[in-house]
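Have a look at the structure below, then the notes.
The values are calculated or read from the model by the stated rules, or taken from the named source; none is laboratory data. Because the structure is predicted, anything quoted here is derived from the model rather than measured. Cβ placement follows ideal geometry from the backbone for every residue including glycine, while neighbour counts extend to all protein chains displayed.
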Amino acid sequence: MRILLSALAIAAASLTALPAAAQGLTNEKSQIEALTAANVTEILTELGAQNVKTNDKNGRTIITFDDRGIPYNIGIVCDNLGCTSLLMLVGLNTGPKKYPLDVLNSANLENMIVAVTQSDQDTILISRFTFTDGGVSKKNIAVNVGSFVRAVGDSIKFLNTQIVAGYQQGSPSQFQPVSMTTNLLRPEAIQPEDVVKAMDKQAPHKGTSLKN
């Protein structure tokens, strides 16, 4: 059974302008060979992101920004060939209700440009990993960021309208009864050290196994 979407989900899902907002970029066809805090924050600012900030954690560059009340994280991933990858992350607190894996799998099938995963007991992560090796246009990066923002809104909308189970509090029995209800995800900031850990996990998988 579906219910009316929460105000948060509506606000997030209504953010459809960012992918098209690349039309308003300055020098949109300019090529970016290496990602830097300066060129990524410039793109975010031109897209209309709010509270854009750059953080340095353990020598890693992490950029945070807000949009429609949702905190976003972008890590610039570097290796011995340069800084040519972006890891985009959003954290969602699930509250007392827990999502079964089949619901998370359904969210991934609904929107395959992002990965929806259970990070810990109370947190869901929405992520996207983008490579820029060989150089890409400024517009390409803007469209990737904008597509991620829109996909986050769509994923929140999907998850907030699913029926999930939660344990009743205060039951004296060993096996607590389960209530079925819709949920309200709460976007939450991800700690910089957790973003760095995610960046480290992704870095070894970069590259290709194809042979000439």
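Tabulated results
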item	result
Evaluation of Ser147 against (1) modelled with pLDDT under 95; (2) under 16 Å from the mean Cα position of the chain (by Cα); (3) surrounded by fewer than 19 Cβ atoms within 10 Å (Cβ to Cβ) (one fails), failing number	(1)
Residue in segment 71-88 that is of a type in the set (Val, Ile, Thr) and not in a strand (DSSP E or B) present	no
Unmet criterion (only one of (1) under 26 Å from Ala49 (Cβ atoms); (2) loosely packed, with under 15 Cβ neighbours inside 10 Å) for Leu101	(1)
Those residues of segment 56-70 which are in contact with a helix residue (DSSP H, G or I) (Cβ under 7 Å, 6 or more places away or on another chain), assigned to a strand (DSSP E or B) and farther than 14 Å from Leu44 by Cβ, in sequence order	Lys57, Arg60
Among (1) surrounded by fewer than 16 Cβ atoms within 10 Å (Cβ to Cβ); (2) touching a Lys or Arg at 6+ places or on another chain (Cβ under 8 Å); (3) among the hydrophobic types (A, V, I, L, M, F, W, C) - the single one Ile76 does not satisfy	(1)
Positions within segment 89-101 being assigned to a strand (DSSP E or B) and hydrophobic (A, V, I, L, M, F, W, C), in sequence order	Leu89, Val90, Leu92
Test result for Ser127, buried (at least 17 other Cβ atoms within 10 Å of the Cβ), under 18 Å from the mean Cα position of the chain (by Cα) and hydroxyl-bearing (Ser, Thr, Tyr)	yes
Which numbered condition Glu46 misses (of (1) in contact (Cβ under 8 Å) with a residue 40 or more places away in the chain; (2) over 17 Å from the mean Cα position of the chain (by Cα); (3) surrounded by fewer than 16 Cβ atoms within 10 Å (Cβ to Cβ))	(3)
